[in-house]
Each structure stands twice: as C-alpha cells, then as structure tokens.
Amino acid sequence: MNGQMMQQPLLISSLIVHAERHHADREVVSRRVEGDIHRTTYQQVAARSRQVAQALGTLGVKPGDRVATLAWNGYRHMELYFGVSGSGAVLHTVNPRLHPDQIVYIADHAEDQVLFFDMSFLPLIQAVAGRTKTVRHWVAMTDRAHMPAADVAAKIPNLLCYEDLIGAQDGRYTWPSFDENTASSLCYTSGTTGNPKGVLYSHRSTVLHTMAAALPDCLGCGAADAILPVVPMFHVNSWGIVYLAPMTGAKLVLPGPGLDGKSLYELFENEGVTISAGVPTVWQGLLSHVDANGLKFSTMRKSAIGGSACPPAMIKKFKDDYGVHVIHAWGMTEMSPIGTAAAFKAQHIGHSPEQKLAVMSTQGRAIYGVDMKIVDPDGAELPWDGQATGDLLVRGPWIISSYFRNEGGNPLVQDAQGHGWFPTGDVAKVTPEGYMVITDRSKDVIKSGGEWIGSIDLENIAMAHPAVAMAACIAAHHPKWDERPLLVVVKKPGAEVTREELISFYDGKIAKWWTPDDVVFVDAIPLGATGKMQKIKLREQFKTHVLPTT
Ligand code: AMP
C-alpha cells in the first residue's frame with residue numbers, strides 16, 4: 001500500500017522559490033571582483049536567476065547541457081547556481097586554481113557549451129579560449145562598463161556581457177518540473193589517480209544533502225543566522241551553503257576573491273556573520289590577522305572546519321580566545337561533501353575542556369544519511385573500538401555511485417547484502433561512541449591548503465628528466481599548508497642533477513603551486529611485490545622531514 005502524500009520532486013529551484021516567498025528581503029551580500037560590496041535580496045536573486053534561465057534558452061542551452069563557471073563566491077555565481085540547474089541544465093563549477101591544460105581537459109570532457117567567468121580570470125580565459133572544443137559562448141560576469149578592452153575581447157570568441165545578457169530577459173519564467181534524479185551539477189576532483197574525474201550530483205542528492213547540512217549537529221543554521229562560506233563555490237558547491245542559506249532563510253555573505261584575514265574579518269564584523277565554513281589554512285590567515293591586531297569576533301559563534309585535518313590547537317584557540325565553537329567536519333567531493341561532523345552527544349556536556357577538545361578534534365560522527373564502516377584488507381568489517389584502523393567506506397543518497405562518463409569503471413565495493421560502498425581512500429579508526437578519526441590516506445594524492453596536487457603528474461614530469469631513474473612524490477608535513485609535495489629521486493647511474501635543477505624543471509609544466517617544495521636523493525625507493533612504489537613506507541621514512549619552505 002502506498003502512502004497518500006503529495007508527490008513533489010526535490011528540485012534545486014524549490015530552494016530559491018522558498019526563499020523568495022518566505023525570506024524575500026533577507027540579504028545576500030557580496031564582495032565583488034570590481035572591488036566594492038554589493039547588496040541584494042533573495043527576491044532579487046530569484047528574479048535574476050529566472051532571467052539567467054531565460055538567457056540560457058536564447059543561447060541554445062538545452063536540459064542536460066553543461067554550463068561552466070570560473071568564478072568566486074558572489075551573487076552572480078549564485079544566480080547561475082539556480083538559473084542553470086533550475087532550468088534543467090547542469091552547472092559545472094571549474095576550479096580556477098588548476099593549470100590551463102587541465103581546465104581545457106575538463107571543459108572538453110564535460111562538453112561545456114557556455115562558460116561564465118569572473119573578470120579576475122580573464123588571463124586564464126585568454127589562455128584557454130581558443131583551445132576548448134565545445135564552448136560556444138564565453139560570458140564575462142560583469143556589466144558593460146567593466147568589459148575587457150576591445151583588443152582583448154577580440155581574442156575571445158563569442159564574448160558576451162552577463163548584465164547585457166540577462167538584462168535583455170523579462171524574467172517571466174516558470175521553473176520547469178522534472179524527475180528529481182536529473183543531474184544538477186558537476187564538479188571535477190583531482191583527488192583520484194589519473195585525470196580529474198567528474199562527480200555528477202542530482203537535484204535529489206543536493207536537496208537531501210542541504211537538509212542534512214543544516215541540522216543542528218552539522219552547520220546548525222537558521223533564519224536568524226548570517227552565514228559566510230569561505231569554502232569556494234567551485235569546490236563541492238561551497239559545501240552546500242549556497243543552497244542551505246535560501247533553504248533556511250539565513251543571510252548569505254559571499255567573500256569573492258577577498259580571502260585574506262583582513263578582508264574576511266571586515267565582512268564578519270560588518271555583516272554580523274554568525275556561522276562560517278572553510279579549510280584550516282584560511283582560518284590560520286584570519287586568526288593571525290585577528291591576533292596581530294588585538295581584535296575580537298562580536299557575532300561569530302560557529303566555524304565549520306574541514307577539507308584537511310583541523311589541528312586541535314586551532315579548535316582550542318577559537319574557543320578559548322574568541323568564544324567561537326568549531327565544528328570539525330569531514331567529507332569529500334564524492335560525498336557532496338559532508339559525511340561526518342564532530343558535535344557532542346549528551347554525555348559530553350559535563351566533560352572537562354580537555355575531554356571536550358578530544359571529541360571536537362575527531363573528524364566526527366556520521367550525519368543522518370551517511371553510513372560508514374572501516375574494513376581490513378580482505379574487506380571484513382573492523383570493530384569500533386578506537387584502536388582498529390582500516391579503509392573507510394561510505395554509502396548514502398548523496399554519495400557517488402560512478403564517476404561522470406563512467407571514468408575508472410565501477411568504484412563501489414559490494415557487501416554480502418549486495419549494497420555498494422564507496423571506498424574513500426582514507427584510513428580511519430572509530431571510537432565506541434561512533435566518532436571517526438582519520439589516521440592516514442591510501443590514495444596517492446597530496447592535499448595542500450585544502451586543494452589536491454596529483455603526485456603521479458609530478459612523478460611523470462620528474463621521470464622525463466634525463467638524470468632521473470625513479471621518482472616518487474609524497475606528502476610532507478607543512479605547518480601552513482598541512483601538506484606539500486616532497487620529491488624523492490633515484491638518479492641514473494653516473495648522472496648528476498641538483499635539487500634546484502629538478503625544481504626549475506617543473507616551470508611552465510604545471511600550476512606553479514604544484515611545484516615540489518623539496519627534493520631528496522635516495523639510493524632506492526621501496527617497491528612492493530608487484531613492483532609498485534610503496535609510498536606508505538616512504539611517507540613513514542620522511543615523516544619528520546623538514547621542508548625548506550616551513
Ligand atoms: P575533497 O574531495 O577535495 O573534498 O577532499 C576529500 C578528502 O580530503 C578526504 O577524502 C580526506 O582525505 C580529506 N579531508 C577532508 N576533510 C578532512 C578532515 N576533517 N580531516 C582530514 N582529512 C580530511
């Protein structure tokens with residue numbers, strides 16, 4: 001027997017429709033690339049999102065087509081979040097920190113039809129515009145007065161102006177209704193081996209993830225809050241915050257390119273921000289600024305930190321010095337991204353500050369919707385005793401089932417009941433209370449300031465040097481960036497090469513920030529039975545290596 005409740009698909013457009021009707025005057029404040037602070041409301045964002053949807057129609061964008069963005073956190077980007085997905089097309093948020101070659105690869109792989117960009121990425125657009133295969137229109141997210149000069153514009157085929165494009169639409173548009181399993185957005189991750197892979201979210205997965213993210217033990221956001229996502233809208237949809245704010249009616253504050261401590265602090269204070277979210281590196285910058293200038297947070301009450309492990313000292317400092325509660329969270333692009341959050345259970349309330357810090361320093365417990373388990377190398381489930389460590393597997397309605405275009409085949413592992421589990425590539429233990437602690441990573445990637453660096457790309461470049469017999473690139477600890485690449489090299493017999501020569505060998509071949517911080521020369525790299533480099537052993541060997549950049 002079926003229940004007798006209404007059938008209503010969970011669509012992203014419903015979030016902005018709700019905000020327009022129930023929180024029409026609530027503000028969306030953005031620091032613009034033009035340099036000023038811009039203020040709008042959900043009512044206006046909703047209206048302009050409808051104009052975006054109409055404009056896409058005039059550009060020939062059909063449901064399912066991919067529409068790319070290269071943009072900071074700002075209101076125009078938000079209008080694209082709703083205008084593109086709401087119309088049935090797929091919003092592809094491209095990470096501007098990638099090398100132009102990777103951006104071309106990703107745009108071609110996604111078959112992007114239109115690409116919207118913030119003016120600060122104009123040099124990047126000039127580098128890729130003539131090279132992509134499918135992009136038909138390039139749209140500068142600005143007004144006529146700030147458009148590129150004629151000589152620059154001439155080099156970008158079919159360059160359009162965002163404000164002109166949407167200004168030509170009357171906004172009389174009704175959001176279409178369709179199956180909630182329809183693809184809504186696409187985000188490529190470099191946190192896998194080989195080329196970046198696409199993670200294709202659906203309307204249903206996005207709306208469900210947004211509801212879970214808003215829960216009290218996760219971001220805990222309500223209509224009286226003002227939330228500022230420091231985490232970029234090009235990195236897993238800013239952890240869902242640009243959907244969560246209109247869902248809850250919270251004021252949304254978007255920092256644009258101003259991610260330095262001073263700019264962020266100004267926005268926090270001027271806009272009465274109560275909740276924020278970002279990677280540890282950004283908070284370091286903010287805390288140094290606040291410390292150095294003897295400042296305080298007058299409204300901030302909670303900061304969600306994830307993307308890399310948050311040092312306990314940072315959690316303590318936020319609490320003791322500034323009265324800000326840290327929610328340490330863990331997740332991945334493949335998980336939309338939130339999987340766990342370190343909120344207290346009832347039994348922790350009366351605990352000592354040290355005991356509480358220990359709970360807050362874990363990666364947290366699973367939020368509803370996410371199941372997790374740790375397994376041994378044979379796939380057998382390990383106990384949650386706070387001791388046993390194993391590969392961390394997850395499942396749930398906002399967790400990937402396969403990569404875009406089936407790249408890499410079926411990523412899931414089946415259990416005895418036939419349920420698929422996604423192997424996260426993280427190694428973890430779980431306490432008897434269900435708090436998960438990441439202890440290591442089995443995937444071959446390096447995470448610097450919350451962004452991935454592909455170790456295999458770095459090794460391939462080193463191997464192309466005539467003096468290099470074998471090269472392994474591993475993550476070395478860095479106090480600011482958490483991890484930075486360390487290149488371990490075996491030289492060819494009789495060959496000579498210096499550290500400096502190898503480092504400059506990377507010039508122009510990769511994004512500059514991917515360049516290894518250091519090179520060490522060894523006689524041999526440990527190999528496994530199948531001849532694979534044993535990076536876990538190498539990481540152990542260089543655990544205490546001090547990078548010259550620290
Ligand atoms: P991404 O897909 O870029 O969001 O990266 C996801 C990966 O970042 C995870 O699989 C972890 O390796 C790492 N990560 C995310 N959050 C944390 C955290 N709180 N502590 C440690 N590692 C984390």
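The values are calculated or read from the model by the stated rules, or taken from the named source; none is laboratory data. Owing to the predicted nature of the structure, the values given are computational and were not obtained by experimental measurement. With ideal geometry, Cβ positions are generated from the backbone for all residues, glycine too; neighbour counts draw on all protein chains shown. Heavy atoms of the whole protein, side chains included, go into the accessibility calculation; ligands, DNA and RNA do not. Shrake-Rupley method; radii C 1.70, N 1.55, O 1.52, S 1.80 Å.
Observations
- Segments 426-435, 300-309, 496-505 sorted - mean Cβ within 10 Å per residue, highest first: 300-309, 426-435, 496-505
- Antiparallel content of DSSP bridges confined to the stretch 259-443, in %, to 5: 75 percent
- For the chain, fraction of C-alpha pairs farther apart than 36 Å, in %: 34 percent
- Computed from the Cα positions only, the extents of the stretch 13-255 along the three principal axes stand at 48, 43, 34 Å, in decreasing order.
- Which of V94, V413 is most accessible, then next, and so on - probe 1.4 Å: V413, V94
- The stretch 484-528 and the stretch 316-372: distance between their alpha carbon centers, rounded to Å: 38 Å
- Per residue, the accessible area of the chain comes to 41 Å², computed with a 1.4 Å probe over protein heavy atoms only.
- Pair K509, A224: separation of 7 Å Cα→Cβ label points (nm): 5.8 nm
- C-alpha center-to-center spacing [the stretch 436-471, the stretch 7-52] in angstrom: 40 Å
- Between V152 and Q43, the C-beta separation translates, for a Förster distance of 35 Å, into a calculated FRET efficiency of about 0.50.
- Placing dummy labels 7 Å off each Cα toward the beta-carbon, the span from Q8 to V522 is 5.9 nm.
- By accessible area, using a 1.4 Å probe on protein heavy atoms only, the chain has 54% of its surface on carbon and sulfur.
- One chain, two ends: K296 and K62. Fully extended at 0.36 nm per residue, the span grows by 79.3 nm beyond their Cα-Cα distance.
- Above-threshold pairs, the threshold being 22 Å between Cα atoms, out of K509/K543; K373/K443; K251/K356; K316/K373; K296/K316; K302/K356: K509/K543; K251/K356; K316/K373
- Estimated distance in nm for a label pair at A529 and D376, the labels positioned 7 Å out from Cα along Cα-to-Cβ: 1.6 nm
- Each residue of the stretch 38-44 was assigned a 3J(HN,Hα) from its phi angle through the Karplus curve 6.51 cos²θ - 1.76 cosθ + 1.60 (θ = phi - 60°); the sequence is 10, 10, 9, 10, 4, 4, 6 Hz, with glycine and proline shown as x.
- Descending semi-axes in whole angstrom, ellipsoid equivalent of the stretch 259-443, from the Cα gyration tensor: 33, 20, 13
- Within the chain, helix-based [θ] at 222 nm, where runs of 4 or more DSSP H residues each add -39,500 (n - 2.57), nearest 500: -8000 deg cm²/dmol
- The lysines whose alpha-carbon is closer than 20 Å to the alpha-carbon of K155, local same-chain residues fewer than 8 away aside, are K133.
- For A68, nonlocal amide neighbours, meaning residues 5 or more places apart or on other chains whose placed amide H falls under 5 Å from its own, are H92, Q113, V114, L115, F116.
- Sites R144 and R172 - FRET efficiency at Förster radius 22 Å, r taken between beta-carbons, to 0.05: 0.40
- Full extension of the chain between T498 and L160 gives 116.8 nm of extra length, using 0.36 nm per residue less the Cα-Cα distance.
- Peptides 466-477, 262-273 ordered by average Cβ neighbours within 10 Å, highest first: 466-477, 262-273
- Per-pair calculated FRET efficiency, R0 = 60 Å: N406 and K319 via Cβ, rounded to 0.05: 0.85
- Residues whose amide H lies under 5 Å from that of L59, counting only those 5 or more places away or on a different chain, are absent; hydrogens are built 1.01 Å from N in the peptide plane.
- For R441, the amide hydrogen comes within under 5 Å of the amide hydrogens of V427, counting only partners 5 or more places away or on other chains and with H modelled in the peptide plane.
- Protection-proxy order for peptides 200-212, 16-28, each taking the mean of Cβ atoms within 10 Å per residue, highest first: 200-212, 16-28
- Beta bridges per DSSP with both ends in the chain, % antiparallel, nearest 5: 55 percent
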